[in-house]
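S.K.: Okay, here's the structure, questions in a sec.
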Amino acid sequence: MDLKEHLISHGYDQIDILLIDEEQNQSTVANLSLHKITDLEYKLYLEPESLKYELNNDHPHFIAEQKDNGKAKQVKGYILEW
């Protein structure tokens, strides 16, 4: 199951994702409609094999390696539902 399928199976549809990297840099990917996205990992530059899910706690998020400009870094993606 990929990231999109995990999120949909936990009841998410319209979300924002707050990404925080290991240097505490933050960025938000806003207004994602999961049913319209084909490849969420590609859109967020994530390595699919590195994904770890923490969707059943008070602050649902995932942890993954993100490749940006050829450099890999670990990011946490917090799911913001609206």
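S.K.: Grab the other residues whose beta carbon is less than 12 angstrom from that of LEU51, score K and R as +1, D and E as -1, and report the net.
M.R.: Result for the local shell: -4.
S.K.: Among (i) 0.92; (ii) 1.14; (iii) 0.96, which one is Rg/Rh (Cα atoms, Kirkwood Rh) computed from these coordinates?
M.R.: (i)
S.K.: If you don't mind, another one. Tally Lys and Arg at +1 and Asp and Glu at -1 over the other residues with C-beta under 15 Å from the C-beta of LEU32: what net charge comes out?
M.R.: Net local charge, LEU32 excluded: -4.
S.K.: How much net charge surrounds ILE63 when only the other residues with a Cβ under 14 Å from the Cβ of ILE63 are counted, with Lys and Arg +1 and Asp and Glu -1?
M.R.: -4
S.K.: How large is the helix-only mean residue ellipticity at 222 nm for the chain, computed as the sum of -39500 (n - 2.57) over DSSP H runs with n ≥ 4, divided by its residue count, in deg cm²/dmol to the nearest 500?
M.R.: The per-residue figure over the chain is -3000 deg cm²/dmol.
S.K.: Within the stretch 3-81, how many lysine pairs that are 8 or more places apart, or on different chains, have C-alpha atoms less than 19 Å apart?
M.R.: 14
S.K.: Turning to a different aspect of this structure: Cβ neighbours within 10 Å, averaged per peptide: list 14-23, 29-38 in order, most packed at the top. If you can, show how the numbers build up before the last one.
M.R.: Details: 14-23: 14.6, 29-38: 11.5.
Highest-to-lowest ranking by the protection proxy: 14-23, 29-38.
Values in this text are rule-based calculations from the coordinates and carry no lab data. These figures come from a predicted structure and were not determined experimentally. Here Cβ is always computed from backbone atoms with ideal geometry, including for glycine, and neighbour counts include all displayed protein chains.
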